[in-house]
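The values are calculated or read from the model by the stated rules, or taken from the named source; none is laboratory data. In this text the structure is predicted, and so the values were computed from the model without any measurement. Reconstructed Cβ throughout: ideal geometry from the backbone, glycine too, with neighbour counts over all protein chains shown. Please note that ligands, DNA and RNA were not included when accessible areas were found on the heavy atoms of the full protein model with its side chains. Shrake-Rupley method; radii C 1.70, N 1.55, O 1.52, S 1.80 Å.
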Amino acid sequence: TLFRSVSAAVAGFDVGTAAEAVADAMAGVALGDDQEWALGGQARELSSALTGMGFALLLAVFLVYVVMAMTFEHVIHPLVILFSVPLAVVGVALGLGLSGLPVSVVAVLGMVVLAGVVVNNAIVLVDAVNQLRAEGMGAVLAIHRAVGLRLRPILITATTTVLGLLPVALGSGSGAEVQRPLAVAVIGGLTLSTLLTLVVVPAAYLLVTPREAR
């Protein structure tokens, strides 16, 4: 078997973008039945790293669910809280897209961090609803009351985190290309999930609540 390698130094592009350009170019190349091509070097390492970080993200979500299920002593309510995680992923995608940053290992690491951060607001909200319902209040009224009670601390927590990461997201100079994706991912995910958690999580909570308890 004969192997041939082609190497190149890429300037002005990230590894992911360069790999996509090579793949698009090779898509129009006719190869023989006994010929094949594959990306190597940093592109292969990037793919392997993204796969590992994706597994870490799934493991983080699973561990968060287990801890919440044990704490709440309930199976459904932790699932309601985890509705905030997909909202955070959408926020990450919007943040990276608007800032022109690629999906990198550092950005995925930010998603892993978000898996443990964004659920905090939902936990505070659902816990308040459960406490009010334990006092005999109906689910709908308890949700309205809990959102009013927890709105201020939720917004304060999210705002301080976003403002703390803002200098990193706007930073430039040496090392900024490594730090910015993490900060942008956390800011985008936390901002969108915080805003939508106040709507989506109460709605999901109400859907899993028996009609007679509403």
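Data for the structure
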read-out	value
Residue within segment 64-78 that is farther than 24 Å from Gln131 by Cβ, of a type in the set (A, V, I, L, M) and open to solvent by 40 Å² or more (accessible area, probe 1.4 Å) present	no
Check on Arg133, touching a residue at least 60 places away in the same chain (Cβ under 8 Å) and among the charged types (D, E, K, R)	yes
Unmet requirement for Leu96, which otherwise passes all of (1) open to solvent by less than 60 Å² (accessible area, probe 1.4 Å); (2) over 27 Å from Val184 (Cβ atoms)	(2)
Exclusive hit being of a type outside the set (A, V, I, L, M), in contact (Cβ under 8 Å) with a residue 60 or more places away in the chain and open to solvent by 50 Å² or more (accessible area, probe 1.4 Å), set Phe83, Phe3	Phe83
Options Leu190, Leu155: the member that is modelled with pLDDT of 85 or more, closer than 22 Å to Val105 by Cβ, touching a Ser or Thr at 6+ places or on another chain (Cβ under 9 Å) and not small (Gly, Ala, Ser)	Leu190
Single condition Gly41 does not satisfy, out of (1) of a type outside the set (A, V, I, L, M); (2) surrounded by 12 or more Cβ atoms within 10 Å (Cβ to Cβ); (3) modelled with pLDDT of 75 or more	(3)
Check on Leu163, modelled with pLDDT of 90 or more and surrounded by fewer than 17 Cβ atoms within 10 Å (Cβ to Cβ)	yes
Residue in segment 178-191 that is over 21 Å from the mean Cα position of the chain (by Cα) and loosely packed, with under 15 Cβ neighbours inside 10 Å present	no
Restricting segment 18-38 to residues that are within 30 Å of the chain's Cα centre (by Cα) and surrounded by fewer than 10 Cβ atoms within 10 Å (Cβ to Cβ), the residue that is nearest to Leu101 (Cα to Cα)	Asp24
Residue list for segment 192-214, filter: crowded, with 23+ Cβ neighbours inside 10 Å and over 20 Å from Ala169 (Cα atoms)	Thr197, Val201, Tyr205
